Amino acid sequence: MAELEMQALFEATGAARENAWINSLEQYRRMYSRSIEEPEIFWSELAESFFWYKKWEKVWDCNFDIAKKPIRIDWFLGAKTNLSVNCLDRHLESGRGDQSALIWQGNRPDEQRVLSFRELHREVCRFANGLKTAGVKRGDVVSVYLPTVPELAVAMLACARIGAIHNVVFSGYSAELLADRLVDSACRVLITADGAYRGKKPLPLKQNADKAIEICSKIHNHRVERCIVLRRAGLPVSTRPEIDIWWHELVRELPDRCEPERLDAADPLFILYASGSSDKPKGIQHVVGGYMVYTGVTFKHVFDYHDGDIFWCTADIGWVTGHSYAVYGPLTQGATSVLFEGGANFADPGRICEIIKTLGVTHLYTSPTVIRTLMKQGDEWVDKCDGGSLRILGTVGEPISPSTWRWFREHLGKANCPIVDTWWQTETGGVLIAPLPYAIAQKPGSVALPYFGVEPAILNDQGLELSGPAEGKLAIKRSWPGQMRSVYRDHQRFEESYFRVFPGYYFTGDGARRDADGYYWITGRIDDVITVSGHRLGTAEVESALLAHAAVTEAAVVGYPHDLKGQGICAFVVLKSGIEATNELQKQLILHVMDKVGSFAVLDKIRFTTGLPKTRSGKILRRILRKISSEYSDLAAASESVKGTGVEKPQSD
Ligand code: PRX
């Protein structure tokens, strides 16, 4: 990083700063010290602002030390609450019933739906009754394979109301990946739609769901008993009366009141699968109490949300960003949240400007990929874009380069909006490191300082904690309320994945640097996870898809820097003997991986090779492959420079 970038500081001033929840560095430091020194008092005070049937007996009780197994993360012990009551009922009682809770923008510009808190409450209660009619009980897992439509939020909140555990599967995932998630979560009820729109293309969701249900029963002997189908795209679907039921028929004539379950703070709220180092994704498990408090308070502080603001998180609800900051965080705070079906990655800039202008969006929370996509269209459109309502900009999911950061600030924010670059993960539930917009000056490309109660550490390869300015592996020293509790049905995997490598710490899988001001700079994943357009993907998932192709005998996949997507996917493929490496085969492999993994898993480069570089014990030397994929455009030179890799000149990129 150039020294100049390290020193550039942007600080917000003016009236917004005066009104901010946290409006000076001194206030941040005071609150941060308190959160570390007196966590019980600090978190009790914040949790008081939520509704509880019964308050906690103890604020926290956690063990990060793997030598003293089990690893235990417990917050608000003994407390009872219900998240849907916190998101809905409580706002009706405080007079917010007519305020917009969700403003949904369809893929087509003429499609818009607005749900007030009262209307959302009604829909949620009715669907919660529908789930009960379909046989769902407290503690059951309900999988949801829907695009970003209001019904996805309704389904999540309905599960939360009756104590069912939702398992949202991103609608861009393939039938195979959906099936894996249904089997791993032992789920018997699936909610989907006839189809969904992302960009111009309708996705045949019900068809994928049918295929997934068939894979479950034929290959895994697992029966999905009910499939609730939302009519959305008007695509023709096959219906089997013993399994399928239309959403609108299920809820017809059901009451719009549903008594909420009194849940323990430690009861599971949801599972969200995240890619890791193996081809089996982990069911990241969050619980009701800690997740509710953490997403609510981080939403309020990190985005400095005030009544009347209009918050737009462009992430698909199928990812954790959508869970925490399009649905739960905003709704707990009685906020108005904008949902966009189309996926901002695919939107034309005009549409984004139009949504900001017509709705008077005050907060735009998006990803570096979306910003790069917008930047690519030139500056003319954005300079004409009326973003006068914008007050705060946010970014998440991948490192943002200082130049992209500056473009975001100058062109979309018209140099008036603070930027919150928020670092967090599916596992963390909510934001862990970010500049609070009116308290912490921003440096382009840095995620700045930790949120309250968060104690980051930079470790060297031996696990030694480094002090002062340092670069190494990012770990967290103590628990925070939004932390995941377990890997669903596999607590040992939770312990081994996150607490074994550096005993006493939660290991994030990311590399980071800390500068002389204590600011953090995320350098990217150091495990086998790649982030494509902000979507987390395990190299092993792509490799296992490639190996399932009849022509492939060995495959290794690595990420490499990509101008638009942040990271691109480069596959090194060894073909079975006698099979020729043709352009046609290359195309086939690309389609095959998209079919097996999902439409976003596009192989950007394929290198056909006669062998893969390995250690003596047979482990693939990814370091070498990464170097080849990112540094050399000429593979012949690369092969020459890295002797023995067996890499051949590619057919094409
Ligand atoms: O590598 C980090 C990157 O995204 C990973 C987490 O991915 P996921 O669980 O899909 O959640 C993404 C949205 C919360 C992290 O381990 N990441 C996330 N935010 C940032 C980031 N990298 C750099 N800067 C960020 N602001």
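If you sort Glu37, Glu354, Glu111 by accessible surface, 1.4 Å probe, largest first, the order is Glu37, Glu354, Glu111.
Taking all protein chains as they are arranged and a probe of 1.4 Å, the heavy atoms of Phe502 leave approximately 10 Å² accessible to solvent. When the convex hull of its Cα atoms is viewed from all sides, segment 84-269 shows a mean projected area of 10.8 nm². Considering only Ser486, Val529, Gly509, and ranking their Cα positions along the charge dipole of segment 418-534 that arises from unit charges at the beta-carbon of Lys, Arg, Asp and Glu, the one farthest toward the positive end is Ser486. Candidate cross-link partners of Lys614 among the lysines, defined by an alpha-carbon separation under 16 Å and a same-chain spacing of 8 or more, comprise Lys627, Lys643.
Restricting the GluC sites (Glu not before Pro) of segment 535-606 to loop positions (DSSP other than H, G, I, E, B) with no more than 14 neighbouring Cβ atoms within 10 Å leaves Glu580. Figure note: Arg240, Arg257, Arg161 ranked by solvent-accessible area, largest first, 1.4 Å probe, ligands and nucleic acids not counted: Arg257, Arg240, Arg161.
Estimate the FRET efficiency between Thr553 and Asp279 by the formula 1/(1 + (r/R0)^6), using the beta-carbon distance for r and 22 Å for R0, to the nearest 0.05. Don't jump to the answer; show the numbers that get you there.
Working: r = 17 Å, r/R0 = 0.77.
So the FRET efficiency works out to roughly 0.80.
Which value, in debye to the nearest 20, gives the size of the charge dipole of segment 195-277 about its Cα centre, when Lys and Arg are +1 and Asp and Glu are -1 at the Cβ?
Details: 14 positive and 12 negative charges, 137 e Å.
Dipole size: approximately 660 debye.
With all protein chains in place and ligands, DNA and RNA left out, the 1.4 Å accessible area ranks Arg108, Arg525 as Arg108, Arg525, largest first.
Of the lysine pairs in segment 84-269, how many meet both conditions: Cα atoms under 25 Å apart, and a spacing of 8 or more in sequence or different chains?
Pairs that pass both the separation and distance tests number 5.
Over 32 Å apart at the Cα level, from the set Lys473/Lys605; Lys80/Lys357; Lys565/Lys596; Lys443/Lys587; Lys300/Lys357; Lys55/Lys473, are Lys80/Lys357; Lys443/Lys587; Lys55/Lys473. For the peptides 431-439, 370-378, 395-403, the ranking by packing is 431-439, 395-403, 370-378, with the highest mean count of neighbouring Cβ atoms within 10 Å listed first.
The values are calculated or read from the model by the stated rules, or taken from the named source; none is laboratory data. Source: prediction; values computed, not measured. Virtual Cβ from ideal backbone geometry, glycine too; neighbours counted across all protein chains shown. For accessibility, only protein heavy atoms count, side chains too; no ligands or nucleic acids. Shrake-Rupley method; radii C 1.70, N 1.55, O 1.52, S 1.80 Å.
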